[in-house]
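Okay, structure first, notes after.
The values are calculated or read from the model by the stated rules, or taken from the named source; none is laboratory data. Computed from a predicted structure; not experimentally measured. A quick note on method: Cβ atoms are made from the backbone with ideal geometry, for glycine too, and the neighbour counts reach across all protein chains shown.
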Amino acid sequence: MRGITKAFPLDEQGVDAVAEELDAFFTARGLDKSIILRARFAAEELLLCVMEHADAPKSCTLTMGTRFGRASADIQYEGAAIDPTTVEDEWSTRLLSNLGLTPIWSYRRGVNTLRLRVLRASGRKDLLYLLLAVAAAAALGLLGGILPEAFTGGVTELLLAPLFNAFVGLLATFAGLLILLTVASGVFGVGDTRLLQRVGCVMFSRYVLTSFACSLCATLLAARLFPLTAAPSGGESQLSAVSQLFFDILPKNLITPFLEGNMMQIIVLALFLGVVLLLLGERAATVARFVEEGSWVLQAMMGQVCRLIPLFVFASLLRMFWSGGGAQFLGLWKPILLYLVLLAGAVTVELVTVALRTKAPVGLLLRKVLPQIVIAFTTASSMAAYETSVGSCEYKLGVDRHFVAVGASVGSVVFMPSSAIALALFSVYLAQFYGVAADLSWYMQVCLLAAVLSIAAPPTPGAALTVNTVMLAQLGIPSEGLLIIAAVGAVLDFFDTAGNVAMRDLELVKQADILNLLDRETLLQK
């Protein structure tokens, strides 16, 4: 990493100076204030831990720059190996990693390195690039009627079609391994805190069951409104097909799932790997670090690939316009409207169930979660709303502070019910559009995959397109459907993020009530 390098004494004044430099550096790159505050806090806590060590060095060096499109800062100090990430609660370190800030310690040739890496933020700028790509494709598409057919056909065959195939191939190349490492590292991080051991069963089970409920409702309604042609049974009963579905998720070996792109089997392998690493603990520390670092490397690679999304949309749209296929967007209002109705319904159900359980008025609950919903909707970033959510949960909704610290952080990563709805709904719609035949086991795959992939989606820009690539390939839907997903997703992402934030905070209230960690007086206070 090349960038700005400065030396500081390793004392209280030096630590403050490092924090100020980080603040100025991240602010200049337009990062969310919540990320900047966490970066300062992480740097201060880690350096204070180093200072308290018996072999503490006298100075440190701060290097700030950009790595793979992400702001990054390295803090180096010479001497004995001092790993401050093991002094503090390791779960806190993992949460910072999941939220987009990754403190990583390494030691090589007498030099300790603490690295803070921040995910490239996506949002309005990406939406602007995407809209420009759509506008450019539409403008050139209108010229298709006056350009020679030989010219448009040649450009399509020599340039546009290869670009589309190359982009889909890149997504498919990284998707399987990325999901494997992301899920495995997430499972491994489950057992690193006493608080999580106490409440983990309730927290994760409710997060997972809510995601499955949203996926199931979306699948059932989509199946009703977008009916598919029945798949030939081949003499096999529906019950037998459903039974075989569950047996087919068990991989026969370690290689075949990746060769065939069988994402259900890859997820099973990831869960098994994560559980084994969790059981082995420190004995598997090297392998666990490899899994976590590998996950970050692949996320960085996928982030770079997904920066090409505007180019992909431009090439695909222009190809479609020149081939006379623009009519496929005319029916999109149906799944979009249905998604918004389902999302509003899911949030309403959460509001009503919390109100019934806690005896709090629905209007009061809505008023207390509205600030973070507005921030999430206007920025399409759960990170931007994170600080407001935590403060609202603790001081307005009455959720225990320690429970909020874990529940909100974990929920920001694994609880995406709005995404589960979108995955299931648009998969069925695209299956109808492309004439895919389906049976009961196919619909069960939709429901299961939508819920699991919404939980397993890596916290990186372009994650939605990554999991949709997996979803369409697993369900036998042509990859051309990714164009529709990319175009629609750029707009619905604002609704999706707001829905996820609202349902997460309301779900935390219910979980806190179940665990007797809810202050009802604060909740009912107007």
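Values computed for the structure shown
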| item | result |
| --- | --- |
| From LEU221, LEU196, residue being under 28 Å from VAL349 (Cβ atoms), in the same structural domain as LEU273 (by TED's automatic domain parsing) and modelled with pLDDT of 80 or more | LEU221 |
| Complete set of residues in the range 131-172 that are among the polar types (S, T, N, Q) and surrounded by 15 or more Cβ atoms within 10 Å (Cβ to Cβ) | THR152, THR156 |
| Set GLY345, GLY407, GLY398: member being surrounded by 14 or more Cβ atoms within 10 Å (Cβ to Cβ), at positive phi and at pLDDT 70 or above | GLY398 |
| Options LEU482, LEU492: the member that is surrounded by 24 or more Cβ atoms within 10 Å (Cβ to Cβ), touching a residue at least 40 places away in the same chain (Cβ under 8 Å) and more than 13 Å from the chain's Cα centre (by Cα) | LEU482 |
| Residue list for the range 41-65, restricted to those being surrounded by fewer than 16 Cβ atoms within 10 Å (Cβ to Cβ) and in contact (Cβ under 8 Å) with a residue 60 or more places away in the chain | GLY65 |
| Residue match in the range 447-465 (condition: closer than 30 Å to ARG224 by Cα, at pLDDT below 75 and of a type outside the set (Gly, Ala, Ser)) | yes |
| Selection from the range 224-244 of residues that are modelled with pLDDT of 55 or more and either crowded, with 17+ Cβ neighbours inside 10 Å or touching a Lys or Arg at 6+ places or on another chain (Cβ under 6 Å) (or both) | PHE226, LEU228 |
| Enumerated helices (runs of 4 or more DSSP H) restricted to the range 1-110, each holding at least 3 residues that are polar (S, T, N, Q) and at pLDDT below 85 | 90-98 |
| Count of residues meeting criterion [of a type in the set (Asp, Glu) and either farther than 24 Å from SER419 by Cβ or surrounded by fewer than 19 Cβ atoms within 10 Å (Cβ to Cβ) (or both)] in the range 495-526 | 3 |
